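See structure below.
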Amino acid sequence: MPPRVPFQPSLKAFTGSSHVQSPLARLSLNPSKTSIRAGSAEARERRRHDPYLMAQSRQRKAANLSRRQALAEERGSVGDPVFGNPTPFIEELKVKDPRMQESHPNHFITPEELNNALDYSKTLTTPVENPDRATIDPQFEKERAEKHLQEHQNAQEAIKRIVNIQNGNTGDQMRLRIQKCIETFGRHNTDKTLPPKPAAAPIAGAPALPEKTPRVGPDTGSPEVQVAILTAKILNMARHLENTNKDRHNKRNMRLLVHKRQKLLRYLRRKERGGPRWQLLIETLGLTEASWNGEISM
C-alpha cells in the first residue's frame, strides 16, 4: 500500500490569502443596520417609497398645523402675553417718549436740583449795578442785561442737552425706568393711597404677633415692583429684537424674563386675591390674562 501524502488545497490564486473566513465572521465584520434615525436621509428615502409612512407623516403634520392654529386663536382672544395692552405708563417707559426727557434728567439729577442750580448760576452772573446812578449810561446797562440774559439762555440750553436722557446710554435709560417703577408701585408710596389688606380672623389663645419693623428707604423688593421692573426690561429687549431677528441669545433671555414675570404674577394674585394692589398693577401695566395664566409660547 503506497504511503499517504497530506494535501492542503491552496486558494492563493483566487483570494490572495491562504486564510478562509467563515460566514459568521464575515457578518460580524459588516453588521447590518437595525435602526435608522428618524430625521436622516435614509429615513426620508424609505418614507418616500412607503405609502403607509407617507400617510402617517401627512397626518402628523396636519395635526400640528391644526394645533398651532388653535393655540394662535386662543392667544389672540386672551391678549398678548409679552406686551399686553398699551397704557400711559407703558408709553412713558419707551425710549423715545418726550415726557421722559423733562421729568427724568440724566446723571442722578432731579428736575428740582437742575432748576435750582440754573437759577443760582443766573444770580451769580448777574451784572452788578453801579451805585452812582447819576453817572450811569442807561443804554449800556440795558445792553449788558440783554447780553447776560442771552448768555444765560445759551448756557441753560447746553446744560439741558448734557443732562438729556436721550443722550445717555442704555444703562442710564434703564436705571431711570427702574426708578420710575419703584416710585409708582413701591409700597412706601402705595400704602398712603391704597386700602390695607383685610386682617385675618383672630384665633382664640394664639399669641399676639409682633409689630412689623418700619420700612427704611424706598420699597424695591415687593412683587409688584419686581413685575414692573421685569416689564421695563422686557419692553427694552423686545425693542432690540425688532431689528435683530437672529439674536437667539437675547430671545432666550426675554423668554426667561417673561416666565419669571409670570411666576411673580401668579404669586401676587394668590396672595392679594384680586385686591387693590393686583388691580393697580394690571391696569397700569396693561397686562392681560395671557401674561400669567396658561402656557406662554413665544
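At the residue level, residue 282 shows approximately 30 square angstrom of accessible surface with a 1.4 angstrom probe and all protein chains present. Mean separation of Cα pairs under 8 Å and 6 or more residues apart, divided by the residue count, gives region 156-223 a relative contact order of 37 percent.
Only residues of region 100-131 count here: report those whose backbone N is under 20 Å from the spot 7 Å along Cα→Cβ of residue 142, or say none. Taking a point 7 Å out along Cα→Cβ of residue 142, the residues of region 100-131 whose backbone N falls under 20 Å are 127-131. Sorted largest first by accessible area at a 1.4 angstrom probe radius, with every protein chain in place, the residues 239, 177 fall in the order 239, 177.
Is there a pair in 61/260; 197/251; 94/160; 94/197; 192/260; 212/263 whose C-alpha atoms are over 30 Å apart, and which pairs would that be? The answer is 61/260; 197/251; 94/197. For the listed peptides 80-89, 283-292, a ranking on the average number of other beta carbons within 10 Å per residue, highest first, reads 283-292, 80-89. Counting only protein chain heavy atoms and rolling a 1.4 Å probe, the accessible areas of 241, 256 rank, largest first, as 256, 241. I need the calculated FRET efficiency for the pair residue 266 and residue 158, taking r as the beta carbon distance and R₀ as 41 Å, to the nearest 0.05. That gives a FRET efficiency of 0.25. Computed from backbone phi, the HN-Hα couplings of region 155-165 come to 5, 5, 5, 5, 5, 5, 5, 5, 8, 5, 5 Hz, rounded to whole numbers (Karplus: 6.51 cos²θ - 1.76 cosθ + 1.60, θ = phi - 60°; Gly and Pro given as x).
The values are calculated or read from the model by the stated rules, or taken from the named source; none is laboratory data. In this text the structure is predicted, and so the values were computed from the model without any measurement. Methodologically, a virtual Cβ is constructed for each residue, glycine included, from the backbone with ideal geometry; neighbour enumeration extends over all protein chains shown. Side chains are part of the model used for accessible areas, which takes the heavy atoms of the whole protein and leaves out ligands, DNA and RNA. Shrake-Rupley method; radii C 1.70, N 1.55, O 1.52, S 1.80 Å.
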